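A.B. asks: Can you read through this structure? Questions will come right after.
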Amino acid sequence: MMESDRRPRRGIIFILSAPSGAGKTTISRAALKAIEGLDASISLTTRVPRENEAEGLDYHFVNDEEFNRRLSGDELAEWARVFDASYGTPREPLENAVAAGRDILLDIDIQGARQIRAHYAADAVTIFVLPPSFDELEGRLRRRGTEDDAAIARRLKRAQEEASAYPEYDYLIINAEVRDSIERLKAIVNAERLKVGRLRAEFAPWTI
Ligand code: 5GP
């Protein structure tokens, strides 16, 4: 890395978690477009791709064998089983981003958020997204139309359990209007970027 590429602060790991159907994917996609200098972390998953998903863009789609190989090679910063599939965050791109002062957005579940918080406490900011109500959540899941009734029932049950985890997070966004939610997320990112505690030890705004 060239010295001129080194930012005055370390990169921030922004973690976005939500029960499924809360609108998290919409918010994270919009945030990645709207917020300069924020990159997506691309997870590994053993789940089958949905129709609108692309390899390397939404996920790296791998089989169990490949996932386990990466896991036992210590290549994942966190991982979890969600709905009978494995999901994990590749360690190298994450740590490279933090070291280079680039901010990265992780769309991961609460089990993964706990692991990242434990290992990267100083660099992680956790944000939880909730729909305005449980009925609203059920409606969103049905409108999405990507799962059958049994899968929706499972996701709803899990959503109810997951929602109770919000007190573990730094920030809560109630997603009533997507535009407002994105503004709130922007405000969080901007404020976190300005924290004095994130500046590198050698940073000197001017010499006194
Ligand atoms: P989906 O299958 O709907 O894309 O994602 C299901 C759940 O897995 C979501 O809550 C999503 O945030 C979570 N997830 C996606 N990637 C990862 C990951 O790398 N690690 C963990 N722990 N959860 C993930």
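The values are calculated or read from the model by the stated rules, or taken from the named source; none is laboratory data. Quick caveat: nothing in here was measured; it's all calculated off a predicted structure. Note: ideal-geometry Cβ built from the backbone for every residue, glycine included; neighbour counts use all protein chains shown. Only protein heavy atoms, including side chains, enter the accessible area calculation; ligands, DNA and RNA are left aside. Shrake-Rupley method; radii C 1.70, N 1.55, O 1.52, S 1.80 Å.
A.B. asks: Return the Rg/Rh ratio of the range 1-70 with Cα-based radii and a Kirkwood Rh.
C.D. replies: Details: Rg = 15.5 Å, Rh = 14.8 Å.
Using only Cα positions, Rg/Rh for the range 1-70 is 1.04.
A.B. asks: Further, regarding this structure: Rounding to the nearest 10 and keeping the result within 0 to 90°, find how far the Cα-based axis of helix 91-100 lies from the longest principal axis of the chain.
C.D. replies: 30
A.B. asks: Let me ask another. Mind jotting down the distance between the C-alpha centroids of the range 108-126 and the range 173-197, whole Å?
C.D. replies: Each part reduced to its Cα centre gives a spacing of 18 Å.
A.B. asks: Only Cα pairs under 8 Å and at least 6 apart count here; give the relative contact order of the range 3-194 as a rounded whole percent.
C.D. replies: Working: 289 pairs, mean separation 63.1, N = 192.
Worked out over the range 3-194, it gives 33 percent.
A.B. asks: By accessible area of protein heavy atoms, probe 1.4 Å, what ranking do ARG47, ARG143 get, highest first?
C.D. replies: Descending order: ARG143, ARG47.
A.B. asks: Over the chain, average the accessible area per residue using a 1.4 Å probe and give it in Å², no decimals.
C.D. replies: On a per-residue basis, 56 Å².
A.B. asks: Can you tell me the convex hull volume per residue for the range 148-195, based on C-alpha atoms, in Å³ to the nearest whole number?
C.D. replies: On the way: hull volume 4.7 nm³, N = 48.
Taking the convex hull of the Cα positions in the range 148-195, it is 98 Å³ per residue.
A.B. asks: Also, I was wondering about something else. Computing the accessible area with a 1.4 Å probe over protein heavy atoms, can you report the carbon and sulfur percentage for the range 74-208?
C.D. replies: Summing carbon and sulfur atoms, their accessible area is 53 percent of the total for the range 74-208.
A.B. asks: Next up: Could you tell me the relative contact order of the range 41-86? Use alpha-carbon pairs under 8 Å, at least six residues apart, and round to a whole percent.
C.D. replies: Working: 42 pairs, mean separation 19.3, N = 46.
For the range 41-86, the relative contact order is 42 percent.
A.B. asks: Next question, about the same structure. Taking every DSSP beta bridge with both residues inside the chain, roughly what % is antiparallel (nearest 5)?
C.D. replies: Around 30 percent antiparallel, to the nearest 5.
A.B. asks: Let me spell out the model: positive unit charges on the Cβ of Lys and Arg, negative unit charges on the Cβ of Asp and Glu, origin at the Cα centre of the chain. What dipole size does that give, in debye rounded to 20?
C.D. replies: 560
A.B. asks: How large is the helix-only mean residue ellipticity at 222 nm for the chain, computed as the sum of -39500 (n - 2.57) over DSSP H runs with n ≥ 4, divided by its residue count, in deg cm²/dmol to the nearest 500?
C.D. replies: -12000 deg cm²/dmol
A.B. asks: Sticking with this structure for a sec: Compute the semi-axes of the equivalent ellipsoid of the range 3-194, taking the square root of 5 times each eigenvalue of the Cα gyration tensor, and list them largest first in whole Å.
C.D. replies: 26, 22, 15
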